[in-house]
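Comments concern the structure below.
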Amino acid sequence: MNNTVGSSARLLWAGLRALLVLTLVCGVVYPLAVTGVAQGLMPGRANGSEITSDGKVVGSSLIGQRYDLPLEKGQETPDPDLRWFQPRPSNGLGTNSVNTQYELILSGATNRSGDNKELIDWVTAAKAAVVKDNSVPGHPVSPSQVPADAVTSSGSGLDPDISPAYAGLQVNRVAARNHLDAAQVRKLVGRHTDGRILGFVGEPRVNVLQLNIALKDLVNDAGTR
């Protein structure tokens, strides 16, 4: 009987020691080591790829934001603020008290097939809106000029980038709304266009948040002249 109790006690103590050691290694040492290496080698990515403007964090280069006017009485969805470059559509995303740009819990794709009537209606309406919003005197936009990313959301619904084609489509509207020369704005888009990763992976892209921060600086510089 005493041998059985003693064996059980030894097993329990061995199990407790293993639990303590694994808790220390996996719950303390390993997280601290990974955090230390990440902060040392890639602090920007480790901290969420934050983007700052005027000394304040305004977002992440990995998560898209919307640029809308304040919601008016009777509106269910706000109108886009056409002074800024607009991101891809983000159907189904709302707001919350912490992040007023996206309700992250609802992010995701529509999961509708290409022949789904509701999706077709969304895309048709989005294309008409893009044509209307970006047509300015002397620079009309035709439906054939509207790229796919202007009327469809990404798989996550949080894509921070748009195609150079969609950014270029918005140049004349952004320039007109901000009283800037279109050539200046087009150069701004060119400077913020990233090529394919390693020269062959993915597609060229423009980060909308970074582009709009540069646009804000350009508008401020023009206003002080």
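Descriptive notes on the structure:
- Net charge in the neighbourhood of TRP84 (other residues with Cβ under 9 Å of its Cβ; Lys, Arg +1, Asp, Glu -1) is +2.
- Phi to ³J(HN,Hα) by Karplus 6.51 cos²θ - 1.76 cosθ + 1.60 over region 50-64, Hz, x for Gly, Pro: 5, 10, 10, 8, 6, x, 10, 6, 10, x, 10, 6, 9, 10, x
- Hits among lysines - C-alpha to C-alpha of LYS73 under 29 Å, sequence gap 8 or more where chains match: LYS127, LYS132, LYS216
- Taking amide H positions as modeled 1.01 Å from N, with prolines and chain starts lacking one, the residues under 5 Å from SER53 and 5 or more places away or on another chain are VAL58.
- Summed residue charge, Cβ within 13 Å of ASP194's Cβ, Lys/Arg positive, Asp/Glu negative: +1
- Ordered by the number of other Cβ atoms lying within 10 Å of each residue's own Cβ, fewest first, TYR30, TYR67, TYR166 fall into the sequence TYR30, TYR67, TYR166.
- For peptides 33-40, 78-85, 153-160, sequence by mean Cβ density within 10 Å, most packed first: 153-160, 78-85, 33-40
- Using C-alpha pairs below 8 Å separated by at least 6 residues, the relative contact order for the chain is 18 percent.
- Cut-off 14 Å between beta-carbons: net charge of the residues surrounding PRO140, Lys and Arg +1, Asp and Glu -1: +1
Rule-based calculations on the coordinates, nothing more; no lab input. Here the structure is a predicted model, which means the values were calculated and not measured. Using ideal geometry, Cβ is built from the backbone for each residue, glycine included, and neighbour counts are taken over all protein chains shown.
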